[in-house]
Every structure is written in C-alpha cells, then in structure tokens.
Number of protein chains: 2
Amino acid sequence: MFQVPAKTQYAIRALVHLARNGSDSAARIAEAQKISPKYLEGILNQLKLSGLVASDRGRSGGYRLAKDSESIAMIEVVRATEGEIRPVECVDRANLCALGDLCMPRKFWIGLKDAVNSYLSSVSLADLAEDSAFAFHANPSDEGE
Amino acid sequence: MFQVPAKTQYAIRALVHLARNGSDSAARIAEAQKISPKYLEGILNQLKLSGLVASDRGRSGGYRLAKDSESIAMIEVVRATEGEIRPVECVDRANLCALGDLCMPRKFWIGLKDAVNSYLSSVSLADLAEDSAFAFHANPSDEGE
DNA sequence: CGATATTCCTAGTATTCCCATAGGATATTA
DNA sequence: TAATATCCTATGGGAATACTAGGAATATCG
Ligand code: FES
Ligand code: FES
C-alpha cells in the first residue's frame, strides 16, 4: 500500500539535485543520480507540466527549479508524479457510496489521506536539500518484520 | 503511492462484517459483502495466520474475531494483508545505503511511515463497525464509469 | 455411517501497472 | 551548420494483483 514508486523517488532525487546544483541537463542529472536517462527525461517533463521546474531547449539548455526550494512542498512533487492522494476511489466521490458521509470506512480512508497530505505538506524540498536542517518525526518506528 | 489494494479493502469489510454479525462462514460473508468467494477464503486464512480471526472447520464452522473489535487496531489489518509499512526499502535497512548523498531522503520517508503508522494505530476495528448497517460500493472491478 | 458443510491447501491464469528503452522530431546556440 | 538539448510517441519485459479452479482435510448432523 505504501511502496513509493521508483518514478517518485527519481523525481525527488532530481529535484534535490537541482536545488543543490542550480541548473543541469537531464543527461547529467541522470548520470549523477544513477537514473535511467531516457526514463528521467519523461519524469522531468512531467515535473515541468506541473510547474515545478522550468526548461530551456537547445545547446545550452537544461532544467532548473521554477520556484524556490522553500516554496516547493513535497506533496506537490508526489502529485506531479502520481496524481492526487486517493486511498480508495470513493474518498472524493461520495456518490459511489450508498450512505455517503455516513459510510465509516470512507471516513477512515479520508482520515488516512488527510494524515498523509498533512505530512507531505509540512516538508519542503529545501528540507531535503539541506539535510542538516531536516529533523523527522520522533514517533516510535519500532515495528519489526 | 496510496492506492489501497482490493485485498485490504476486502479484509476490512470482512472484519467489519464479523464485528457486527459475530460469526459467519466465508461464503456468507462473501455474499453479503459482494466479494469473490474463493478470493475471500484466502484473505480470511491470512487474517487467521495473523491472529485477527479464529476459525472452526466442519459443518457448522466459520470465522469469528479472535479479539474484541476495540483491541484490533487497523494497522494490524493492514500488516496482515500487506506486511510492514515501508515506503522505500531502506527505511528499516540503513545498510542498503551505499550511495552517499543519494540516500538523504531516507529521513523523509521514515517521517512518512511514522505519520501513517500513527494514524492507523489510532483507529480500531470497532470505530469502523459502530455505525448501523451501510452499503459498500461495488467491487473495484465493477466500476462502470 | 454417510451426506453435507465448512476450512484449508496448491496451482494456474488473465490483466494491469511499472520501469525502461528506442527512435526520432523540434528547438537553441556556439 | 553542427552540436546539444528538450520534447513526443510507441513498445516490450517483468512483476504484482485479482481472481479462478479443484480438491483435501475436518467437523457436524441425520
Ligand atoms: S463509498 Fe467507499 S466505503 Fe462507502
Ligand atoms: S538507499 Fe534510501 S537512504 Fe540510502
């Protein structure tokens, strides 16, 4: 349920790279971050369509962040690569369910969505790019396998 | 990233059914909850191995909750069907990481895992079973839009 | 006992999604 | 104009998911 697709991990690594290095071509990002070059091209294009990066074509072109890394919330990155957080279809389509708001499982999934959205909104790209400043939640993560 | 598999949704519906109806056979749960009967059998067996339900074989056998619904946290259900919450491999295996600054997002994923675990631990099966009868929407495969 | 109802076990299949690759078209500039 | 880059479309392999199938083991009831 919560396995993060490679695409999203690649997008994050690429954005962190841009946040640190300013501007670079897809080929060089792929090389530095050990990502399949042609695959990364498509990902960067998707990030562009979502307004997270800007691009310049031609000989001295490349990609750069479209906004300051402080103002890019990680939820925007996830939305760019995977779309809206939606554990089950009915979370934003109450008409699929006979009881709508009274449907307890639906409320349960909405609560999960809210928890995830809340966390992803609270972390910015800058937090990941300046790892010294980033402190993760101190909740117990004791569970074994 | 957060699409919940049908298997987990089925498991939840089956458990809510048991919480409300006390005890029932796989076939009748499947019928009432509109779940593929043979598929549900395997799911219930998985829930048994995880200690969430108990079963009796033979003519008047069936499944029942192994604990009070108040003491079944939803995270146990998710773990039973999908295993440990693990956004990326390295969250509980730091030794996998031999990549220098490529691994920096690890704290970020751990924070996400904690946020999800925290929410799923805060909701019990009883919270979902409390309302009066309700209708779940159709199986994922039935959606006709 | 014997018919019946149930869980339990194993294997197979169809489909969908994910990851990656390939080949080029278009744009910019040194 | 040659080189470098983004942009576009199509496709295939592999893994996971959702289900299907058949039957073996077990318990109950008449
Ligand atoms: S609409 Fe999804 S559970 Fe009711
Ligand atoms: S591989 Fe994920 S933190 Fe290093």
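Some values worked out for this structure:
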read-out: Across the identical copies, how the A:Leu49 labels are spaced - nm, sorted shortest first, 7 Å along Cα→Cβ; value: 4.0
read-out: Using a 7 Å Cα-to-Cβ projection, B:Ala66 label spacings across copies, nm, ascending; value: 5.0
read-out: Copies compared at B:Ser118 - label distances in nm, ascending, label defined 7 Å from Cα in the Cβ direction; value: 0.8
read-out: Cα→Cβ-extended label distance, 7 Å offset, between B:Glu89 and B:Tyr39, nm; value: 2.9 nm
read-out: Debye log10 I(q)/I(0) at q = 0.14 Å⁻¹ for region B:6-100, Cα point scatterers; value: -0.53
read-out: Computed E for A:Ala66/B:Arg57 - FRET, C-beta separation, R0 51 angstrom, nearest 0.05; value: 0.25
read-out: Those lysines that a straight Cα-Cα span of less than 27 Å connects to A:Lys113, excepting residues fewer than 8 apart in one chain; value: A:Lys7, A:Lys48, A:Lys67, B:Lys7, B:Lys34, B:Lys107, B:Lys113
read-out: Per residue accessible area in Å² of region A:10-105, where ligands, DNA and RNA are left out and the probe is 1.4 Å; value: 50 Å²
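The values are calculated or read from the model by the stated rules, or taken from the named source; none is laboratory data. Nothing here was measured: the structure is a model prediction, and the numbers come from that model. Here the Cβ is made from the backbone with ideal geometry for all residues, glycine too, and neighbour counts use every protein chain on show. These accessible areas exclude ligands, DNA and RNA; they are computed on the full protein's heavy atoms, side chains included. Shrake-Rupley method; radii C 1.70, N 1.55, O 1.52, S 1.80 Å.
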